[in-house]
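Everything on this sheet refers to the single structure shown next.
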Amino acid sequence: MSNQKKRNFQIEAFKHRVVVDPKYADKTWKILEHAIHEIYNHNASGLSFEELYRNAYNMVLHKFGEKLYNGLVATMTSHLREISKSVEAAQGDSFLEELNRKWNDHNKALQMIRDILMYMDRTYIPSTHKTPVHELGLNLWRDNIIHSSKIQTRLQNTLLELVHRERTGEVIDRGLMRNIVKMLMDLGSSVYQEDFEKPFLEVSAEFYRGESQKFIECCDCGDYLKKAEKRLNEEIERVTHYLDSKSEVKITNVVEKEMIANHMLRLVHMENSGLVNMLLDDKYEDLGRMYNLFRRVPNGLSTIREVMTSHLRETGKQLVTDPERLKDPVEFVQRLLDEKDKYDSIISNAFNNDKTFQNALNSSFEYFINLNARSPEFISLFVDDKLRKGLKGVSEEDVEIILDKVMMLFRYLQEKDVFEKYYKQHLAKRLLSGKTVSDDAERSLIVKLKTECGYQFTSKLEGMFTDMKTSQDTMQGFYASHLELGDARTLVVQVLTTGSWPTQPGVTCNLPAEMSALCEKFRSYYLGTHTGRRLSWQTNMGTADVKATFGKGGQKHELNVSTYQMCVLMLFNNAERLSYKEIEQATEIPAADLKRCLQSMACVKGKNVLRKEPMSKDIGEEDVFFVNDKFTSKFYKVKIGTVVAQKESEPEKQETRQRVEEDRKPQIEAAIVRIMKSRRVLDHNNIITEVTKQLQSRFLANPTEIKKRIESLIERDFLERDSVDRKLYRYLA
């Protein structure tokens, strides 16, 4: 195989040349030109398209493509010039109709011409980089019709006039408008933009500028927003009916700028109808409309948010600082909750649950709740009121809702430890007097507090419940071992763990002899069953049921009183009249408590089991007391108590504040040591920042107090100052 010679084959062209008739091109073009005229004159039905296609094919094949192309341009141009004259001649409304009709005719003609010249379109045009037939037809239409000096401006003005008429309420032929606008779009986006969109946007801006000025002078804010919304929707609808979809953003921007952005501040602050009035009158629909319109423009929502925040802070400030409103703590907290509900509802229904508005609401509440130093106390009093009587007959779900609302206010408090102090006191009174509506509700709130602030916060509160349960078992054991006392349980003792309960080192008053003997028996029993414990009686926290007989008629009642009140009442078994000094000497009750308990028994209408001379609302040291023989009540059991859930007096408030400050010191020190242990070396400012951050879940640490605690730790050799930089601290292991 390798020895055989390789042969190369070559294909050569035919030796003879094809000779074309010199007049062939002219003759063929004449046939094609005649066909184009017939097409434009609507006489295409008699034409043989197959023959015409072959003629055009042959012209291109025999290198007469250029003649064919140039002839096409010339023929179409002459026809379009005729069309231009007929369009120009159309008057009034028939102008657009004529233009539309001629455009449709031109498109049909163009389709047929393109079919005939398909071969030229596919071969000659790409190789010579000329414009394809269809595109050429559009360009010639654009140059000879749309951009004709007599049509261009007239067309633009007619279209804009129709839009204006539609805006002013007239009905226009939208189908015709759609066709004309589509024609401009088919001629190229630049034609649509330059010949229609640009002037359309300019005219629209002018129209809405004037209209917004007119509206804002005569409408209130709500009506103005309705009109702006209506106009915006009209423009969006207009785009869907007969404009390019890309125009929607541009035209809505124009409406937004002219009708909303340029009048934003005036609308928001409009007298008697602006944002503040909408908020006051709960106008959800108007607020929702304002939100939806303002969100479309730059800084729109921040404008609403700022005005809402400043109004909320102002009303909140009045709410928490007005002395009249501070008289009733329960009402005070209820007003806060109502205000929060109101704004939650507005944000949910009108502001699309916008997180930024929620944050603004939260920061506003945090701001003004902490303006009043008594907020923690009042919130605790509110809880106390609800858990004593306010939740009677309320379903579990509703109880949870109320507790959740309380927790929401609790989160806003900076001084959570102050709330804890008061809550502990109020819980203690509820548990000891057995006045809590529901143990489940009490425990539920403690669980919520635990989730919010951690175990440390609630461990003592949980300890109080444990003590109550243990005390029940202890009392059963006591009566089981003292059968001589019988079934009548005269004494019920709650044994409280010192650390868990808010006990004060109270002075024990002199109990009546009958009670003292029983108390002594209980002490012996308790210390006999528990080793290493000490009992001290908290007579200021107890209650008693006393059976009393009044007057000659022997009116009998059972009085529910405090331990102090019982001690006072028992004195009248052995005396007709007693002076204040004698009562004080016999009972040894602290003066402030004694005055309060005498006041509740002698000065409160319907509860005045005692009378005093002279009659007055206040207790004086010279007053004399005696039993009120005329006391009557329609109830057999009468509760005589100092007012429950009472606000602290100024001295008590100072005392509580002092105790809170004392409790904070070890917490601040512990935080400093924790931070320094991990950092080893830290400067003063960073320690302040870190400590504040660590403790903010419980209270807002005072920088001055932090500084004092640092000094104290330096004295006790936990920290030392750097020898060079005095603001730098080192941890000493």
Of the residues in segment 242-276, those that are closer than 22 Å to Leu301 by Cβ and free of Cβ contacts under 8 Å to residues at least 12 places away in the same chain come to Val249, Asn253
Log entry, pairs with first residue in segment 680-696 being on the phi > 0 side of the Ramachandran plot, second being open to solvent by less than 70 Å² (accessible area, probe 1.4 Å) and not in a helix (DSSP H, G or I), beta carbons closer than 8 Å, six or more apart or on different chains, reads Arg680/Tyr731
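Results for (1) within 26 Å of Trp141 (Cβ to Cβ); (2) modelled with pLDDT of 90 or more, shown as yes or no for each residue.
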{"site": "Ala25", "(1), (2)": "no, no"}
{"site": "His34", "(1), (2)": "yes, yes"}
{"site": "His42", "(1), (2)": "yes, no"}
{"site": "Leu47", "(1), (2)": "yes, no"}
{"site": "Arg54", "(1), (2)": "no, yes"}
{"site": "Tyr69", "(1), (2)": "yes, yes"}
{"site": "Leu72", "(1), (2)": "yes, yes"}
With the first residue restricted to segment 51-76 and required to be at negative phi and touching a residue at least 24 places away in the same chain (Cβ under 8 Å), and the second required to be outside any helix (DSSP H, G or I) and open to solvent by 40 Å² or more (accessible area, probe 1.4 Å), Cβ contacts under 7 Å at 6 or more apart or on different chains are His62/Val20; Tyr69/Lys130
Reported set for segment 100-115 where residues are more than 16 Å from Ser84 (Cα to Cα) and either free of Cβ contacts under 8 Å to residues at least 40 places away in the same chain or open to solvent by 10 Å² or more (accessible area, probe 1.4 Å) (or both) is Lys108, Leu110, Gln111, Met112, Arg114, Asp115
Only one of (1) open to solvent by less than 50 Å² (accessible area, probe 1.4 Å); (2) over 21 Å from Val437 (Cβ atoms) does not apply to Tyr367, and that is (1)
Within segment 56-76, residues open to solvent by less than 10 Å² (accessible area, probe 1.4 Å) and hydroxyl-bearing (Ser, Thr, Tyr) come out as Thr75
**Prompt:** Within segment 508-531, is even one residue more than 25 Å from His482 (Cα to Cα), open to solvent by less than 60 Å² (accessible area, probe 1.4 Å), in contact with a helix residue (DSSP H, G or I) (Cβ under 9 Å, 6 or more places away or on another chain) and of a type outside the set (Ser, Thr, Tyr)?
**Reply:** yes
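Having 2 or more residues that are under 30 Å from Asn70 (Cβ atoms) is the bar; report the helices (runs of 4 or more DSSP H) wholly within segment 136-253 that clear it.
Numbers: elements: 152-167, 174-186, 189-192, 198-218, 221-242.
Fully inside segment 136-253 and qualifying: 152-167, 174-186, 189-192.
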Subset of segment 445-475, residues surrounded by 16 or more Cβ atoms within 10 Å (Cβ to Cβ) and closer than 18 Å to Lys405 by Cα, comes to Leu445, Ile446, Lys448, Leu449, Lys450, Cys453
In segment 372-399, residues that are within 16 Å of Phe419 (Cβ to Cβ) and open to solvent by 50 Å² or more (accessible area, probe 1.4 Å) total 1
- Message: Yes or no: segment 275-285 includes at least one residue that is open to solvent by less than 70 Å² (accessible area, probe 1.4 Å), over 18 Å from the mean Cα position of the chain (by Cα) and either among the hydroxyl-bearing types (Ser, Thr, Tyr) or assigned by the TED database to the domain that holds Glu202 (or both).
- Response: yes
Note to self: Residues that are assigned to a helix (DSSP H, G or I), farther than 26 Å from Arg178 by Cα and basic (Lys, Arg): does segment 110-120 have at least one?
What the structure shows: no
Ala575: passes all of (1) surrounded by 14 or more Cβ atoms within 10 Å (Cβ to Cβ); (2) outside the structural domain of Tyr479 (by the TED database); (3) hydrophobic (A, V, I, L, M, F, W, C) but (1)
Pairing a residue in segment 520-542 that is among the small types (Gly, Ala, Ser) with any residue that is open to solvent by less than 80 Å² (accessible area, probe 1.4 Å), where Cβ atoms lie under 6 Å and the two sit 6 or more apart in sequence or on different chains, gives Gly542/Thr563
request  = Please verify whether segment 361-383 includes one or more residues that are within 15 Å of the chain's Cα centre (by Cα) and either more than 22 Å from Ser697 (Cβ to Cβ) or in the same structural domain as Phe294 (by the TED database) (or both).
outcome  = no
Output for Cβ contacts, cut-off 7 Å, separation at least six or different chains, first residue within 15 Å of Ala671 (Cα to Cα) and assigned by the TED database to the domain that holds Arg674 in segment 713-724, second part of a loop (DSSP other than H, G, I, E, B) and modelled with pLDDT under 85, reads Phe718/Leu732; Leu719/Leu732
Leu176 farther than 26 Å from Leu301 by Cβ, free of Cβ contacts under 8 Å to residues at least 60 places away in the same chain and aliphatic (A, V, I, L, M): no
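The values are calculated or read from the model by the stated rules, or taken from the named source; none is laboratory data. Quick caveat: nothing in here was measured; it's all calculated off a predicted structure. Cβ atoms come from the backbone with ideal geometry, glycine included; neighbour counts cover every protein chain shown. Note: areas computed on protein heavy atoms with side chains; ligands, DNA, RNA excluded. Shrake-Rupley method; radii C 1.70, N 1.55, O 1.52, S 1.80 Å.
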